[in-house]
1. Return one number: the angle in degrees, 0 to 90 and rounded to the nearest 10, between the long axis of the Cα atoms of helix 2-11 and the longest principal axis of the Cα atoms of the chain.
2. So how do 19-27, 452-460 stack up, highest first, on mean other-Cβ count within 10 Å?
3. Using just the helices of the chain, give the 222 nm mean residue ellipticity in deg cm²/dmol: DSSP H runs with n ≥ 4 each add -39,500 (n - 2.57), and the total is spread over all residues, rounded to 500.
4. Given that compact globular proteins tend to follow 2.2 N^0.38 Å, what is the ratio of the alpha-carbon Rg of the stretch 401-451 to that value?
5. Along each of its three principal axes, how wide is the spread of alpha-carbon positions in the chain, in whole angstrom units, largest first?
6. Going by alpha carbons, how many degrees (0 to 90, nearest 10) lie between the helix axis of 48-59 and the longest principal axis of the chain?
7. Looking at the stretch 62-199, I'd like the Rg to Rh ratio, where Rg is from alpha-carbon atoms and Rh is Kirkwood's inverse mean 1/r.
8. Average the reciprocal distances over every distinct pair of alpha-carbons in the stretch 437-527, invert the result, and give the Kirkwood radius in Å.
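Readers should treat all values here as calculations from the given coordinates under stated rules, not as data from a laboratory. What you are looking at is a predicted structure, and each value in this text was computed from that prediction instead of being measured. Cβ: placed from backbone, ideal geometry, glycine included. Neighbour counts: every protein chain shown.
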């Protein structure tokens, strides 16, 4: 049956040729690299930026190898708020250039690159008694500036609606647990929301693979120079020396471990994971201002699978970089206290079913709070030619990747085709003009289309081939065994954590992950080439 499922995916018309990442493909590509250990570009790091660099380079015709010591989206890329920001928050600090760049990249993601993963999200600011006239006016002006950014980025109002003031009844319909005493209506704004940030990274990497890039997870990069990398394969325990015209360090918060000429100042952003019933079926992002901090907010963001994420903190995170950052008690209290300012019945720690934290790879500016450190990305070239890309944010990953490849070409002296990623759809994305209409015509359950886009019929076909795979893997989730099989056969998952933490995100609710663990082990054992 395993061979039959693999053959089904290889032949399925919904799956782009050459995009499947599997253990067998990984072994074959390592073998080919051993025979010809010279490439155009080596990218170190399998987060959203590294995957973006690999895609940009492969799309330009460069022989590209991505090396990741753990898994795709292992680090910061999977710990975001799942928002594709239009840059509104950066206007508060006067960073107009970053705000405009964010709006442009949001437009590309929501309309061309990944419309199956990025969709419009209404965000509501309730106008409660503690929101004075000045604060209300400033917020409204900010939303109007956001409208101007949308227009400048040429995003149609039909895709992201204009901001407006709404009545108390509409606030209550969108956010049922908001306080009603003294509620004077609200302000409504629209932004982009990701179904899943880790799925975005996987989609970028698979698209790069379809264009010829080699994607190697569980492979550590050592002895890195601007022209060479030693790859240590953690699966087979072998090493391989690669020469390259250029090397790009896209390792995020670990960038200084690869290039010790740079200094980073990581900051930790923490989210709480809660169930929808705690918010009475929240239908919009609930936005609450942080008292005493102009331009800072805490959001409650509805998610698939009956969850709500509450975030975000911004805390200094000195010292060694952990593999998996952990929320501190003070951050949990801060998030609860702030979101409770807008709620009729306060939430408690008993409502929290999980937490997650990520580290922002900020360049060290030397002083001030990390919340004030610029989010603008930087591309730095070391004396030996090693290119390092740091800073930035998930929304602008594509532009960061473009700038990094441009720098790599400059240092190598190579020429290549122009960047084409602004209009290049990822695997699963519709290729026609009306993405929303095309997605509604995909013959698969809506829940699968929201995660896999035009590839959803392939996932559904796995369940049809083996009805046992159509069943949910745990109570309280709709994730099925077919999705775990797709993760192993198509998305490069090599172990249980890959499946539960980064291909399905079941681990965000630990009880679900524990229940699904045995099935994940069985599937991985059965799908090992």
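1. Here the helix axis deviates by roughly 80 degrees.
2. Result, highest mean first: 452-460, 19-27.
3. The helix contribution divided over the chain gives -10000 deg cm²/dmol.
4. 1.73
5. On the principal axes, the chain reaches 72, 57, 45 Å in Cα extent.
6. For helix 48-59, the angle is close to 50 degrees.
7. Dividing the radius of gyration by the Kirkwood radius yields 1.05.
8. 13.1
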